[in-house]
Every structure is written in structure tokens, then in C-alpha cells.
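**Q** One structure is given below, represented as C-alpha cells, and several questions about it will come after.
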Amino acid sequence: MTYLDNAATTMMDSEIIDFMHEIMQNQYGNPSSIHALGRNSRVIVENARIIIAKLLNISPAEIFFTSGGTEGINTIVKSVLSMPKIKRVITSPAEHPAMLNAIEYYAAINNVELIMLPLDKKASIIMSDLSNELQKTDGDTFVSLMHANNEFGTMLPIQKIGELCKTHNALFVTDTVQTMGKLRNNFSEWHPDFAIGSAHKFHGPKGVGFMYISGDNKVDPLFIGSQERNMRAGTENIYAIAAMAKAMENAYKIMDENLEKMQELKNYLVNIVSNEFSHIGFNGDIEGGLPNIINLAVEKTPNNEMLLMKFDIAGIMLSGGSACSSGALIDSHVMEAVGRAAKYRAIRVSMSKYTTKNDLDSFIDLLKTI
Ligand code: PLP
């Protein structure tokens, strides 16, 4: 099997599985219990918070554990869009469906004006458009722009966006799910009000993540109760939370060498495709984008309609876009947004530390036959 769908999810490290298993087996106390077993669990959860906060150069009090990226997004969007002062939300059609759907839903029920920024063909916003929109605002605007796009790998200038939002007194959330554990995200420099992480994108377990809520901000919880300082009710998923922190710590330990490896593999694939496949191009920002994502643009013909399925049958796991549309014969919303869906099919190759040159060769060999 060749797994090239790491932007959808990653394989868990066996070290993390063992670590989780050990906590499941031995540390079954409820972190809210006052006895020794409960206190042990509390220490595990709080240590995880300290580890993640340190890696992100923020305060542990600014981290709230959730069930993953989607929950963090929903908590923040629902709360911010119901604030009486918020009259406008600015976003882009390239955001992840979790963000787009939440924004569309809560903007509609709260009568908040929704402004979609136009995209260039790499799925990047144009900074002057954002700046022009923000000129019209006065502390009444929420901005949502992702750090790196999950389909194209295109990266936005988050620090500049953060500074612009601060200048115009706009609240700013950045979806950092695709860059968490891959790049040295520094929230103290970027000034987002909110950001999101999800463990399964960096070799941790599924169903656990966190939201960053900067110390200047307060949002309403999605679930009402007492855990996570009243911000996320429900007994903490302690083994998943601890495993997420460990997976993130591991990711940081190998980050520089892994980035180099990803870039080498990316260059290898891009060179072969450019030299040997005259009818295949690229979607997104192939030079400046995330090094672990390469999105190929294959001209649509009736013959290649079942392209992804053919790869699947041959044991090569890929997707055309975001995970929810992988395998399905629907066009990606990002391809639609950049006006490329009518002409091209997207094949997203997304890699991790486990990806090898052999994996890419298997993909290339099959691509030649299709
Ligand atoms: N945001 C982005 C950019 C993603 O890639 C994903 C996962 O596909 C999510 C949000 C949702 O995260 P989760 O799967 O943890 O709910």
C-alpha cells in the first residue's frame, strides 16, 4: 500500500500508541476527582497544556482542549458571530468546509454580513482586497483566513494579516490545522485572536485537538459545564490529550530535517511531472506552498473520470481535495473557487515523515499507465 493522503490524516506513531495505551491502562482517574488517581490525571492534562503552549510560545491558559479542529472552529465561529458588536465577517472560499459551513450558518442566523474575498489562481487572497475591506470597518468585523490550504498547500501571509486585523480592531481566527506540528507557528508574533490545532494531522490520535484563544479574548463554550475552565464541558479525554502533546513535541524535534525531506521529495515529484508529463500541470503555489502538499492538475477527459479510483484499486491512496470529498466524484470547492474545476481534475499528493521516494515512484509509474 502507498499512502499519499497525509493532509487528510496521518498514521499514528507506534510510540504514541504505546504511550496512550499505558495511560489508558494505568491512569484511569477522572481529572476532576480529588484523590490521588484523579490528581495524576489532572497532572497529565495540565502537562500536555504546558508542552503545547511552550511550543507555540503562548501561555498555557490560552489553550483549550477539544475533540478536534471542527469543534474548535465551531466554538469560536458560533460565539464570535453572535457577539452584538460583530456586523461583518470576512473570509475566503478556500477555507476548509468546517470553517466555511460554520461561518455561512452562523452569519445567516445572526444577520452578519458575509464578505468573500476573491482569490488568485493559487487560492491566495490579495492583501489589498483585505485591506480595503478592513478600511470600511470599525471594531465590528471578524476575519477568518487559514494559514495553509489543505488542498493546494498555498500559504497566506498570516503575520501581515494578523497585523492588519489588529490595526483595524478586527477579531481574527486562523485555521492552523495543516501547519500545526509542521511549521514553527508563533502566535505571539502573528497576533491571531484564535487558532486551531488537530492531533491527527501530526501523527497523533483522531478526535482530539485544541483551540488557542488569546488572553485578550473570551468566547462562549459550545457545551456548557465546568471542565476546561468552563470552556469545554465533558470529562477530559486524557490519553488523547497527552498523546497529542507528545506527538506535537516529537514533530518539533524533527521539524527542520523533516521540512528539508519534504522539500526534496516535493522537488523530485515536481521535476518528474514537469519533464515527463507535458499534459499535467499544478494547482496552487508550487514554489511557495507547504512542502508536503503537491496538487496536480490533470486535464479532464471522459477517460480519466475514474482516476482516483484507479489509484485506489492499485493500492495508492490519494485524494482530489478535502477528506470529505476524497474518492467521491465531486469537484473540490477550492478548484471551483479558483475557476479550474471545469477544465482540470485535481490529484493531491500529500506526504509525511513516513513517505519515501519509492512511494512517489509507485505513484509516477501508475500515472504513466493511466
Ligand atoms: N481545517 C483544516 C484545514 C483541515 O484540513 C481539517 C481536517 O481535514 C479541519 C479543519 C478539521 O479538523 P478535524 O478533522 O480535526 O475536525
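The values are calculated or read from the model by the stated rules, or taken from the named source; none is laboratory data. Please read these numbers as outputs of a predicted model, since none were measured by experiment. Here Cβ is always computed from backbone atoms with ideal geometry, including for glycine, and neighbour counts include all displayed protein chains.
**Q** Take the range 53-63 and flag every residue that is surrounded by fewer than 21 Cβ atoms within 10 Å (Cβ to Cβ) and either among the hydrophobic types (A, V, I, L, M, F, W, C) or not in a helix (DSSP H, G or I) (or both).
**A** Ala53, Leu55, Asn57, Ile58, Ser59, Ala61
**Q** If you don't mind, another one. I need a count of the residues in the range 269-287 that are aliphatic (A, V, I, L, M), more than 19 Å from Thr154 (Cα to Cα) and part of a loop (DSSP other than H, G, I, E, B).
**A** Final tally of qualifying residues: 0.
**Q** Is it the case that some residue within the range 344-353 is assigned to a strand (DSSP E or B), within 21 Å of Asn150 (Cβ to Cβ), within 16 Å of the ligand (Cβ to nearest atom) and of a type in the set (S, T, N, Q)?
**A** Here is the first cut: in the range 344-353, the ones assigned to a strand (DSSP E or B) are 344-350.
In the following step, the residues that additionally are within 21 Å of Asn150 (Cβ to Cβ) were identified as 344-350.
Okay, now just the ones that are also within 16 Å of the ligand (Cβ to nearest atom), so 346, 348-350.
Narrowing the set further to residues that are of a type in the set (S, T, N, Q) leaves 350.
Looking through the range 344-353, at least one residue is assigned to a strand (DSSP E or B), within 21 Å of Asn150 (Cβ to Cβ), within 16 Å of the ligand (Cβ to nearest atom) and of a type in the set (S, T, N, Q).
**Q** Select from the range 53-69 the residues that are in contact (Cβ under 8 Å) with a residue 12 or more places away in the chain and more than 16 Å from the ligand (Cβ to nearest atom) and write down the one among them that is farthest from Thr235 (Cα to Cα).
**A** Start the filter on the range 53-69 by keeping residues that are in contact (Cβ under 8 Å) with a residue 12 or more places away in the chain, which leaves 55-69.
Add one more test, that the residue is more than 16 Å from the ligand (Cβ to nearest atom), and what stays is 55-62.
Working: Leu55: 25, Leu56: 25, Asn57: 27, Ile58: 24, Ser59: 22, Pro60: 19, Ala61: 18, Glu62: 19 Å.
Step by step, filter the range 53-69, then rank; the result is Asn57.
**Q** Now for a different question. In the range 236-256, what residues are under 14 Å from Val43 (Cα atoms) and surrounded by fewer than 21 Cβ atoms within 10 Å (Cβ to Cβ)?
**A** Asn237
**Q** A follow-up question, please. Identify, from the list Lys353, Lys310, the residue that is at pLDDT below 95, charged (D, E, K, R) and farther than 30 Å from Met116 by Cβ. Give the derivation first.
**A** Working: Lys353 fails: at pLDDT below 95.
So the residue among Lys353, Lys310 that is at pLDDT below 95, charged (D, E, K, R) and farther than 30 Å from Met116 by Cβ is Lys310.
**Q** So in the range 17-52, with the set limited to residues that are among the aliphatic types (A, V, I, L, M), under 24 Å from the mean Cα position of the chain (by Cα) and more than 16 Å from the ligand (Cβ to nearest atom), which one is surrounded by the most Cβ atoms within 10 Å (Cβ to Cβ)? Walk me through it before giving the result.
**A** Of the residues in the range 17-52, the ones among the aliphatic types (A, V, I, L, M) are 17, 20, 23-24, 34, 36-37, 43-45, 48, 50-52.
Then keep just the ones that are under 24 Å from the mean Cα position of the chain (by Cα); that gives 17, 20, 45, 48, 50-52.
Keeping just the survivors that are more than 16 Å from the ligand (Cβ to nearest atom) gives 17, 20, 45, 48, 50-51.
On the way: Ile17: 12, Met20: 21, Val45: 18, Ala48: 26, Ile50: 13, Ile51: 19.
Only one residue tops the list, namely Ala48.
**Q** Also, quick follow-up: Can you tell me which of (1) buried (at least 24 other Cβ atoms within 10 Å of the Cβ); (2) away from the ligand (no atom under 13 Å from the Cβ); (3) on the phi > 0 side of the Ramachandran plot is the one Asn169 doesn't meet?
**A** (1)
**Q** Further question: Could you tell me which residue of the range 279-300 is nearest to Ser362 (Cα to Cα), considering only residues that are exposed (fewer than 14 other Cβ atoms within 10 Å of the Cβ) and without any contact (Cβ under 8 Å) to a residue 40 or more places away in the chain? Please lay out each step first, then the result.
**A** Step one: filter the range 279-300 for residues exposed (fewer than 14 other Cβ atoms within 10 Å of the Cβ), giving 279, 287-288, 299.
Still in the list and also without any contact (Cβ under 8 Å) to a residue 40 or more places away in the chain: 279, 287.
Values: His279: 19, Glu287: 23 Å.
By that ranking, first place goes to His279.
**Q** Any residue at all in the range 262-278 that is under 19 Å from Ala94 (Cα atoms) and either in contact (Cβ under 8 Å) with a residue 40 or more places away in the chain or surrounded by 22 or more Cβ atoms within 10 Å (Cβ to Cβ) (or both)?
**A** no
**Q** Going through Gly327, Gly289, Gly321 one at a time, which residue ends up being at pLDDT 95 or above, small (Gly, Ala, Ser) and within 16 Å of the ligand (Cβ to nearest atom)? Explain how you work it out, then say what you get.
**A** On the way: Gly327 fails: at pLDDT 95 or above; Gly321 fails: at pLDDT 95 or above.
Among Gly327, Gly289, Gly321, only Gly289 is at pLDDT 95 or above, small (Gly, Ala, Ser) and within 16 Å of the ligand (Cβ to nearest atom).
**Q** For the range 133-166, how many residues are more than 16 Å from the ligand (Cβ to nearest atom) and either at positive phi or aromatic (Phe, Trp, Tyr) (or both)?
**A** 2
**Q** Here's something else I'd like to know. One residue is enough: does the range 236-258 have a residue meeting the conditions under 30 Å from Tyr344 (Cβ atoms) and either part of a loop (DSSP other than H, G, I, E, B) or away from the ligand (no atom under 16 Å from the Cβ) (or both)? Quick ask: steps written out before the conclusion?
**A** Our first condition is that a residue be under 30 Å from Tyr344 (Cβ atoms); within the range 236-258, this holds for 258.
Narrowing further to those that are either part of a loop (DSSP other than H, G, I, E, B) or away from the ligand (no atom under 16 Å from the Cβ) (or both): 258.
Yes, there is a match, as at least one residue in the range 236-258 is under 30 Å from Tyr344 (Cβ atoms) and either part of a loop (DSSP other than H, G, I, E, B) or away from the ligand (no atom under 16 Å from the Cβ) (or both).
**Q** Within the range 1-16, how many residues turn out to be more than 16 Å from the ligand (Cβ to nearest atom), part of a loop (DSSP other than H, G, I, E, B) and surrounded by fewer than 17 Cβ atoms within 10 Å (Cβ to Cβ)?
**A** 1
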